Amino acid sequence: MINLGIIGTNWITQQFVEAARESGDYTLNAVYSRHIETAKQFAKKNNAKEVFDDLDQFFTEGTFDTLYVASPNSIHFEQAKQAIIHKKNLIVEKPAFMNPKQMNEIIDLLKQYPDVLYFEAARNIHTSNFHVIQEKLHELPTVQGAQFTYSKYSSRYDKVLEGEEPNVFSLNFAGGALQDLGVYTVYDAIGLFGKPKELVYYPQLVRTGVDGKGTAVLGYEKFNVILNFSKISNSYTTSEIYGLKDLIQLDDAGEIQQVNYVNDVGESFMIGEKSNKNPMLPEAKDFARIINDPEDSSNQKDYRRWLDLSVDVNNVLFKLRQSAHIMFKGE
Ligand SMILES: NC(=O)C1=CN([C@@H]2O[C@H](COP(=O)(O)OP(=O)(O)OC[C@H]3O[C@@H](n4cnc5c(N)ncnc54)[C@H](OP(=O)(O)O)[C@@H]3O)[C@@H](O)[C@H]2O)C=CC1
Ligand SMILES: O=C1CO[C@H](CO)[C@@H](O)[C@@H]1O
(Lines give C-alpha, C1' and ligand atoms only; values in the text may rest on other atoms or scores of the structure.)
(Ligands and ions follow the chains in the order given, each with its own letter.)
Protein backbone atom coordinates (compact mmCIF):
# COMPACT_ATOMS: atom_id res chain seq x y z
CA MET A 1 0.00 0.00 0.00
CA ILE A 2 1.30 3.45 -0.92
CA ASN A 3 1.28 5.84 2.03
CA LEU A 4 0.07 9.18 0.73
CA GLY A 5 0.64 12.73 1.94
CA ILE A 6 -1.13 15.73 0.41
CA ILE A 7 -0.51 19.45 0.01
CA GLY A 8 -3.52 21.61 -0.94
CA THR A 9 -7.01 21.03 0.39
CA ASN A 10 -9.19 22.31 -2.42
CA TRP A 11 -11.75 20.17 -4.33
CA ILE A 12 -9.14 18.76 -6.67
CA THR A 13 -7.25 17.15 -3.79
CA GLN A 14 -10.51 15.65 -2.60
CA GLN A 15 -11.06 14.25 -6.09
CA PHE A 16 -7.54 12.79 -6.21
CA VAL A 17 -7.87 11.26 -2.74
CA GLU A 18 -11.15 9.62 -3.83
CA ALA A 19 -9.49 8.28 -6.98
CA ALA A 20 -6.54 7.03 -4.91
CA ARG A 21 -8.92 5.27 -2.53
CA GLU A 22 -10.94 3.78 -5.41
CA SER A 23 -7.74 2.43 -6.98
CA GLY A 24 -7.14 0.38 -3.83
CA ASP A 25 -3.45 1.23 -3.99
CA TYR A 26 -3.11 4.17 -1.59
CA THR A 27 -3.85 5.06 2.03
CA LEU A 28 -4.03 8.73 2.93
CA ASN A 29 -1.84 9.22 6.01
CA ALA A 30 -0.76 12.86 6.21
CA VAL A 31 -2.53 16.13 5.42
CA TYR A 32 -0.76 19.49 5.22
CA SER A 33 -2.62 22.79 5.21
CA ARG A 34 -1.50 26.28 6.14
CA HIS A 35 -4.37 26.19 8.61
CA ILE A 36 -4.55 23.35 11.10
CA GLU A 37 -8.36 23.46 11.24
CA THR A 38 -8.53 22.95 7.47
CA ALA A 39 -6.09 20.03 7.72
CA LYS A 40 -8.15 18.48 10.53
CA GLN A 41 -11.39 18.81 8.57
CA PHE A 42 -9.86 17.26 5.45
CA ALA A 43 -8.25 14.47 7.49
CA LYS A 44 -11.50 13.70 9.32
CA LYS A 45 -13.48 13.50 6.10
CA ASN A 46 -10.90 11.15 4.59
CA ASN A 47 -9.80 9.12 7.63
CA ALA A 48 -6.21 10.38 7.67
CA LYS A 49 -4.40 10.19 10.97
CA GLU A 50 -1.75 12.92 10.70
CA VAL A 51 -2.28 16.68 10.29
CA PHE A 52 0.31 19.43 9.94
CA ASP A 53 0.41 23.18 9.46
CA ASP A 54 4.20 23.29 9.49
CA LEU A 55 5.70 22.21 6.17
CA ASP A 56 9.11 21.16 7.59
CA GLN A 57 7.41 19.05 10.23
CA PHE A 58 5.13 17.54 7.58
CA PHE A 59 8.19 16.38 5.62
CA THR A 60 10.24 15.16 8.60
CA GLU A 61 7.48 13.58 10.72
CA GLY A 62 4.72 12.68 8.24
CA THR A 63 4.54 8.92 7.60
CA PHE A 64 4.09 9.00 3.86
CA ASP A 65 6.23 7.85 0.95
CA THR A 66 4.34 9.59 -1.89
CA LEU A 67 3.21 13.20 -2.01
CA TYR A 68 0.39 14.70 -4.09
CA VAL A 69 0.90 18.46 -4.60
CA ALA A 70 -2.09 20.63 -5.55
CA SER A 71 -1.01 24.07 -4.41
CA PRO A 72 -1.04 27.13 -6.71
CA ASN A 73 1.26 26.62 -9.72
CA SER A 74 4.06 28.97 -8.63
CA ILE A 75 4.47 27.10 -5.34
CA HIS A 76 4.92 23.57 -6.76
CA PHE A 77 8.64 24.03 -7.35
CA GLU A 78 9.78 24.75 -3.76
CA GLN A 79 7.48 22.07 -2.35
CA ALA A 80 8.66 19.54 -4.93
CA LYS A 81 12.30 20.21 -4.10
CA GLN A 82 11.61 19.61 -0.41
CA ALA A 83 9.79 16.40 -1.23
CA ILE A 84 12.63 15.02 -3.33
CA ILE A 85 15.22 15.85 -0.66
CA HIS A 86 13.03 14.00 1.87
CA LYS A 87 12.86 11.04 -0.54
CA LYS A 88 9.14 11.23 -1.21
CA ASN A 89 7.76 10.18 -4.59
CA LEU A 90 6.03 13.13 -6.18
CA ILE A 91 2.74 13.57 -7.99
CA VAL A 92 2.55 17.24 -8.97
CA GLU A 93 -0.56 18.84 -10.42
CA LYS A 94 -0.34 20.29 -13.91
CA PRO A 95 1.39 22.49 -14.91
CA ALA A 96 4.09 21.01 -12.68
CA PHE A 97 6.71 23.74 -13.03
CA MET A 98 6.68 27.31 -14.30
CA ASN A 99 9.52 27.21 -16.82
CA PRO A 100 12.47 25.12 -18.12
CA LYS A 101 14.80 26.59 -15.49
CA GLN A 102 12.68 25.11 -12.70
CA MET A 103 12.08 21.88 -14.63
CA ASN A 104 15.81 21.38 -15.25
CA GLU A 105 16.58 21.95 -11.56
CA ILE A 106 14.06 19.29 -10.65
CA ILE A 107 15.51 16.86 -13.20
CA ASP A 108 19.00 17.48 -11.80
CA LEU A 109 17.76 16.94 -8.26
CA LEU A 110 16.02 13.71 -9.28
CA LYS A 111 19.36 12.46 -10.60
CA GLN A 112 20.79 12.94 -7.10
CA TYR A 113 17.89 10.94 -5.63
CA PRO A 114 17.48 8.12 -8.17
CA ASP A 115 14.93 6.24 -6.05
CA VAL A 116 12.48 9.14 -6.06
CA LEU A 117 9.79 9.04 -8.76
CA TYR A 118 8.20 12.16 -10.23
CA PHE A 119 4.87 12.34 -12.08
CA GLU A 120 2.95 15.28 -13.51
CA ALA A 121 -0.78 14.81 -12.96
CA ALA A 122 -1.99 15.30 -16.55
CA ARG A 123 -5.12 13.19 -16.27
CA ASN A 124 -6.13 13.18 -19.96
CA ILE A 125 -3.14 11.24 -21.29
CA HIS A 126 -3.70 8.40 -18.81
CA THR A 127 -7.26 7.62 -19.88
CA SER A 128 -8.09 4.55 -21.95
CA ASN A 129 -9.76 6.91 -24.44
CA PHE A 130 -6.44 8.65 -25.04
CA HIS A 131 -4.82 5.27 -25.76
CA VAL A 132 -7.67 4.48 -28.18
CA ILE A 133 -6.96 7.76 -30.01
CA GLN A 134 -3.25 6.92 -30.20
CA GLU A 135 -4.06 3.54 -31.74
CA LYS A 136 -6.63 4.90 -34.19
CA LEU A 137 -4.24 7.63 -35.29
CA HIS A 138 -1.77 4.98 -36.42
CA GLU A 139 -4.47 3.40 -38.59
CA LEU A 140 -5.26 6.63 -40.47
CA PRO A 141 -3.42 6.60 -43.82
CA THR A 142 -3.37 10.40 -43.87
CA VAL A 143 -3.15 12.80 -40.93
CA GLN A 144 -3.69 16.50 -41.58
CA GLY A 145 -3.52 18.13 -38.19
CA ALA A 146 -5.98 18.71 -35.41
CA GLN A 147 -7.76 21.25 -33.31
CA PHE A 148 -8.07 20.78 -29.56
CA THR A 149 -10.49 22.91 -27.55
CA TYR A 150 -10.86 23.17 -23.79
CA SER A 151 -12.91 26.19 -22.77
CA LYS A 152 -14.81 26.43 -19.53
CA TYR A 153 -16.01 29.61 -17.83
CA SER A 154 -14.39 29.82 -14.40
CA SER A 155 -16.47 31.02 -11.46
CA ARG A 156 -13.24 32.68 -10.34
CA TYR A 157 -13.55 35.04 -13.31
CA ASP A 158 -16.58 36.51 -11.54
CA LYS A 159 -14.10 37.54 -8.81
CA VAL A 160 -11.79 39.11 -11.39
CA LEU A 161 -14.71 41.12 -12.71
CA GLU A 162 -15.41 42.22 -9.13
CA GLY A 163 -11.84 43.54 -8.82
CA GLU A 164 -10.18 40.59 -7.06
CA GLU A 165 -7.20 38.52 -8.20
CA PRO A 166 -7.71 34.79 -7.55
CA ASN A 167 -4.50 32.71 -7.82
CA VAL A 168 -5.48 31.10 -11.11
CA PHE A 169 -5.89 34.57 -12.65
CA SER A 170 -2.68 35.95 -11.15
CA LEU A 171 0.79 36.36 -12.69
CA ASN A 172 2.13 36.07 -9.12
CA PHE A 173 0.90 32.47 -8.98
CA ALA A 174 1.70 31.48 -12.57
CA GLY A 175 -1.97 31.48 -13.56
CA GLY A 176 -3.80 32.02 -16.83
CA ALA A 177 -5.74 29.97 -19.34
CA LEU A 178 -2.71 28.45 -21.05
CA GLN A 179 -1.33 27.15 -17.75
CA ASP A 180 -4.66 26.03 -16.34
CA LEU A 181 -6.53 24.52 -19.31
CA GLY A 182 -4.27 24.96 -22.34
CA VAL A 183 -1.80 22.58 -20.72
CA TYR A 184 -4.17 19.68 -21.44
CA THR A 185 -4.35 20.59 -25.12
CA VAL A 186 -0.56 20.82 -25.25
CA TYR A 187 -0.40 17.36 -23.66
CA ASP A 188 -2.85 16.09 -26.32
CA ALA A 189 -0.79 17.56 -29.15
CA ILE A 190 2.64 16.44 -27.96
CA GLY A 191 1.32 13.09 -26.72
CA LEU A 192 -0.08 12.36 -30.19
CA PHE A 193 2.22 14.20 -32.61
CA GLY A 194 5.44 14.89 -30.67
CA LYS A 195 7.16 18.23 -30.26
CA PRO A 196 6.22 20.95 -32.76
CA LYS A 197 8.81 22.63 -34.96
CA GLU A 198 7.29 26.10 -34.62
CA LEU A 199 4.75 27.68 -32.35
CA VAL A 200 2.94 30.90 -31.59
CA TYR A 201 0.40 31.99 -29.01
CA TYR A 202 -2.26 34.69 -29.46
CA PRO A 203 -3.66 35.42 -25.99
CA GLN A 204 -6.58 37.55 -24.89
CA LEU A 205 -5.43 39.21 -21.70
CA VAL A 206 -7.67 40.13 -18.77
CA ARG A 207 -7.36 42.95 -16.23
CA THR A 208 -4.94 41.04 -13.99
CA GLY A 209 -2.44 40.59 -16.86
CA VAL A 210 -2.93 36.85 -17.41
CA ASP A 211 -4.43 35.28 -20.51
CA GLY A 212 -8.14 34.67 -19.94
CA LYS A 213 -8.34 32.82 -23.24
CA GLY A 214 -6.22 32.28 -26.30
CA THR A 215 -5.36 30.38 -29.44
CA ALA A 216 -2.03 28.67 -30.02
CA VAL A 217 -0.75 27.28 -33.30
CA LEU A 218 1.74 24.43 -33.24
CA GLY A 219 3.52 23.93 -36.55
CA TYR A 220 4.58 20.41 -37.54
CA GLU A 221 6.36 19.31 -40.69
CA LYS A 222 3.21 18.49 -42.65
CA PHE A 223 0.37 20.14 -40.74
CA ASN A 224 -0.67 22.55 -37.99
CA VAL A 225 -2.39 21.84 -34.70
CA ILE A 226 -4.67 24.56 -33.33
CA LEU A 227 -5.24 24.84 -29.58
CA ASN A 228 -8.17 26.86 -28.23
CA PHE A 229 -8.71 27.32 -24.53
CA SER A 230 -10.53 29.73 -22.29
CA LYS A 231 -11.42 30.39 -18.67
CA ILE A 232 -13.60 33.37 -19.49
CA SER A 233 -16.03 31.79 -21.96
CA ASN A 234 -17.56 28.39 -22.64
CA SER A 235 -17.27 26.26 -25.73
CA TYR A 236 -19.15 23.07 -26.56
CA THR A 237 -17.25 22.47 -29.77
CA THR A 238 -15.64 19.06 -30.13
CA SER A 239 -11.93 18.52 -30.73
CA GLU A 240 -10.91 16.84 -33.98
CA ILE A 241 -7.98 15.07 -35.55
CA TYR A 242 -8.18 15.25 -39.33
CA GLY A 243 -7.55 12.40 -41.74
CA LEU A 244 -8.29 12.76 -45.48
CA LYS A 245 -12.08 12.50 -45.56
CA ASP A 246 -12.33 10.86 -42.13
CA LEU A 247 -11.57 12.18 -38.66
CA ILE A 248 -11.36 11.36 -34.96
CA GLN A 249 -13.61 13.40 -32.71
CA LEU A 250 -13.11 14.00 -28.96
CA ASP A 251 -15.93 15.42 -26.84
CA ASP A 252 -13.46 17.35 -24.70
CA ALA A 253 -9.69 17.81 -24.98
CA GLY A 254 -9.18 18.01 -21.21
CA GLU A 255 -11.52 15.31 -20.00
CA ILE A 256 -11.90 12.81 -22.82
CA GLN A 257 -15.17 11.08 -21.99
CA GLN A 258 -16.11 10.03 -25.52
CA VAL A 259 -14.20 9.42 -28.75
CA ASN A 260 -15.85 8.93 -32.15
CA TYR A 261 -14.42 7.88 -35.48
CA VAL A 262 -16.21 9.63 -38.35
CA ASN A 263 -15.66 7.78 -41.64
CA ASP A 264 -15.22 9.21 -45.13
CA VAL A 265 -19.00 9.43 -45.70
CA GLY A 266 -19.67 11.11 -42.37
CA GLU A 267 -20.90 8.09 -40.40
CA SER A 268 -19.93 8.32 -36.75
CA PHE A 269 -18.90 5.36 -34.56
CA MET A 270 -17.99 5.51 -30.92
CA ILE A 271 -14.57 4.02 -30.25
CA GLY A 272 -13.24 3.58 -26.74
CA GLU A 273 -15.49 3.79 -23.72
CA LYS A 274 -18.07 6.36 -22.64
CA SER A 275 -16.60 7.27 -19.32
CA ASN A 276 -18.23 8.99 -16.38
CA LYS A 277 -15.95 7.71 -13.63
CA ASN A 278 -13.60 9.80 -11.52
CA PRO A 279 -11.36 11.39 -14.19
CA MET A 280 -8.31 11.04 -11.93
CA LEU A 281 -8.66 7.28 -11.48
CA PRO A 282 -6.62 6.24 -14.54
CA GLU A 283 -3.65 8.41 -13.57
CA ALA A 284 -3.83 7.32 -9.91
CA LYS A 285 -3.68 3.69 -11.09
CA ASP A 286 -0.86 4.38 -13.55
CA PHE A 287 1.29 6.11 -10.92
CA ALA A 288 0.65 3.34 -8.40
CA ARG A 289 1.68 0.69 -10.94
CA ILE A 290 5.08 2.37 -11.34
CA ILE A 291 5.57 3.16 -7.64
CA ASN A 292 4.76 -0.44 -6.72
CA ASP A 293 7.14 -1.95 -9.28
CA PRO A 294 9.67 0.60 -10.51
CA GLU A 295 12.11 -2.07 -11.71
CA ASP A 296 9.70 -3.65 -14.19
CA SER A 297 10.97 -2.86 -17.69
CA SER A 298 7.61 -1.87 -19.14
CA ASN A 299 6.97 0.38 -16.11
CA GLN A 300 10.38 1.97 -16.59
CA LYS A 301 9.50 2.66 -20.22
CA ASP A 302 6.21 4.31 -19.28
CA TYR A 303 7.89 6.32 -16.52
CA ARG A 304 10.56 7.60 -18.90
CA ARG A 305 7.93 8.46 -21.52
CA TRP A 306 5.83 10.50 -19.07
CA LEU A 307 8.92 12.23 -17.71
CA ASP A 308 10.04 13.22 -21.21
CA LEU A 309 6.51 14.37 -22.01
CA SER A 310 6.42 16.50 -18.87
CA VAL A 311 9.72 18.14 -19.88
CA ASP A 312 8.50 18.74 -23.45
CA VAL A 313 5.17 20.20 -22.31
CA ASN A 314 6.98 22.48 -19.86
CA ASN A 315 9.22 23.68 -22.68
CA VAL A 316 6.36 24.28 -25.12
CA LEU A 317 4.24 26.11 -22.51
CA PHE A 318 7.18 28.39 -21.81
CA LYS A 319 7.88 29.09 -25.49
CA LEU A 320 4.20 29.82 -26.10
CA ARG A 321 4.25 32.32 -23.24
CA GLN A 322 7.44 33.85 -24.55
CA SER A 323 5.86 34.29 -27.98
CA ALA A 324 3.07 36.26 -26.29
CA HIS A 325 5.37 38.16 -23.88
CA ILE A 326 3.64 36.79 -20.79
CA MET A 327 6.05 36.61 -17.87
CA PHE A 328 5.36 35.45 -14.32
CA LYS A 329 6.57 37.01 -11.10
CA GLY A 330 10.27 36.27 -10.64
CA GLU A 331 10.97 35.51 -14.31
N1 LIG B 1 -6.30 17.93 -12.45
C2 LIG B 1 -7.34 18.73 -12.36
O3 LIG B 1 -8.42 18.43 -12.83
C4 LIG B 1 -7.18 20.02 -11.63
C5 LIG B 1 -5.94 20.48 -11.31
N6 LIG B 1 -5.77 21.64 -10.62
C7 LIG B 1 -4.41 22.06 -10.30
O8 LIG B 1 -4.26 21.97 -8.88
C9 LIG B 1 -3.48 23.03 -8.40
C10 LIG B 1 -4.28 23.82 -7.38
O11 LIG B 1 -5.31 24.50 -8.03
P12 LIG B 1 -6.46 25.24 -7.21
O13 LIG B 1 -7.06 24.30 -6.24
O14 LIG B 1 -7.31 25.92 -8.17
O15 LIG B 1 -5.57 26.32 -6.43
P16 LIG B 1 -5.92 27.23 -5.20
O17 LIG B 1 -5.41 28.59 -5.47
O18 LIG B 1 -7.34 27.09 -4.83
O19 LIG B 1 -5.02 26.61 -4.05
C20 LIG B 1 -5.01 25.22 -3.78
C21 LIG B 1 -4.61 24.98 -2.34
O22 LIG B 1 -3.31 25.49 -2.11
C23 LIG B 1 -3.25 26.18 -0.87
N24 LIG B 1 -2.93 27.57 -1.14
C25 LIG B 1 -3.75 28.55 -1.63
N26 LIG B 1 -3.10 29.71 -1.71
C27 LIG B 1 -1.85 29.48 -1.28
C28 LIG B 1 -0.72 30.30 -1.11
N29 LIG B 1 -0.76 31.61 -1.41
N30 LIG B 1 0.41 29.74 -0.61
C31 LIG B 1 0.44 28.43 -0.31
N32 LIG B 1 -0.60 27.60 -0.43
C33 LIG B 1 -1.74 28.12 -0.91
C34 LIG B 1 -4.64 26.04 -0.22
O35 LIG B 1 -4.58 24.99 0.71
P36 LIG B 1 -4.51 25.32 2.28
O37 LIG B 1 -5.35 26.53 2.53
O38 LIG B 1 -5.07 24.09 2.90
O39 LIG B 1 -3.06 25.51 2.60
C40 LIG B 1 -5.53 25.66 -1.37
O41 LIG B 1 -6.54 24.76 -1.00
C42 LIG B 1 -3.05 23.83 -9.61
O43 LIG B 1 -1.78 23.41 -10.01
C44 LIG B 1 -4.09 23.48 -10.67
O45 LIG B 1 -3.60 23.60 -11.97
C46 LIG B 1 -6.84 22.37 -10.19
C47 LIG B 1 -8.11 21.96 -10.48
C48 LIG B 1 -8.39 20.78 -11.27
O1 LIG C 1 -7.25 21.26 -14.44
C2 LIG C 1 -8.29 21.86 -14.29
C3 LIG C 1 -9.54 21.38 -14.90
O4 LIG C 1 -10.73 21.90 -14.41
C5 LIG C 1 -10.74 23.04 -13.58
C6 LIG C 1 -12.01 23.83 -13.66
O7 LIG C 1 -13.04 23.20 -14.22
C8 LIG C 1 -9.51 23.88 -13.75
O9 LIG C 1 -9.52 25.10 -13.05
C10 LIG C 1 -8.36 23.03 -13.42
O11 LIG C 1 -7.15 23.60 -13.15
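The values are calculated or read from the model by the stated rules, or taken from the named source; none is laboratory data. All values reported here derive from a predicted model rather than from experimental measurement. In this analysis, Cβ positions are derived from the backbone assuming ideal geometry, glycine residues included, and neighbour counts consider all displayed protein chains.
Results, tabulated for the structure shown:
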| read-out | value |
| --- | --- |
| Long-range neighbours under 7 Å by Cβ, at least six apart or interchain, first residue assigned to a helix (DSSP H, G or I) within region 88-103, second polar (S, T, N, Q) and away from ligand 1 (no atom under 15 Å from the Cβ) | PRO100/ASN315 |
| Where a residue in region 155-180 is touching a residue at least 60 places away in the same chain (Cβ under 8 Å) and part of a helix (DSSP H, G or I) and its partner, wherever it lies, is among the hydroxyl-bearing types (Ser, Thr, Tyr) and within 15 Å of ligand 2 (Cβ to nearest atom), with Cβ under 6 Å and at least six apart | PHE173/SER74 |
| Unique residue being among the charged types (D, E, K, R) and either farther than 17 Å from VAL313 by Cβ or within 12 Å of ligand 1 (Cβ to nearest atom) (or both) when the list is GLU105, GLU120 | GLU120 |
| Restricting region 220-260 to residues that are among the aromatic types (Phe, Trp, Tyr), away from ligand 2 (no atom under 15 Å from the Cβ) and assigned to a loop (DSSP other than H, G, I, E, B), the residue that is surrounded by the most Cβ atoms within 10 Å (Cβ to Cβ) | TYR220 |
| Meets criteria (among the hydroxyl-bearing types (Ser, Thr, Tyr) and either more than 16 Å from ligand 2 (Cβ to nearest atom) or not in a helix (DSSP H, G or I) (or both)) for SER310 | no |
| All strands (runs of 3 or more DSSP E) inside region 13-83 with 2 or more residues being within 16 Å of ligand 2 (Cβ to nearest atom), assigned by TED's automatic domain parsing to the domain that holds PRO95 and in contact with a helix residue (DSSP H, G or I) (Cβ under 9 Å, 6 or more places away or on another chain) | 66-69 |
| Qualifying residue in region 91-101 (condition: over 24 Å from LEU178 (Cα atoms) and within 10 Å of ligand 1 (Cβ to nearest atom)) | no |
| Subset of region 182-204 [touching an Asp or Glu at 6+ places or on another chain (Cβ under 7 Å) and surrounded by fewer than 15 Cβ atoms within 10 Å (Cβ to Cβ)] | LYS197, GLN204 |
| Meets criteria (more than 23 Å from the chain's Cα centre (by Cα) and of a type in the set (Phe, Trp, Tyr)) for TYR236 | no |
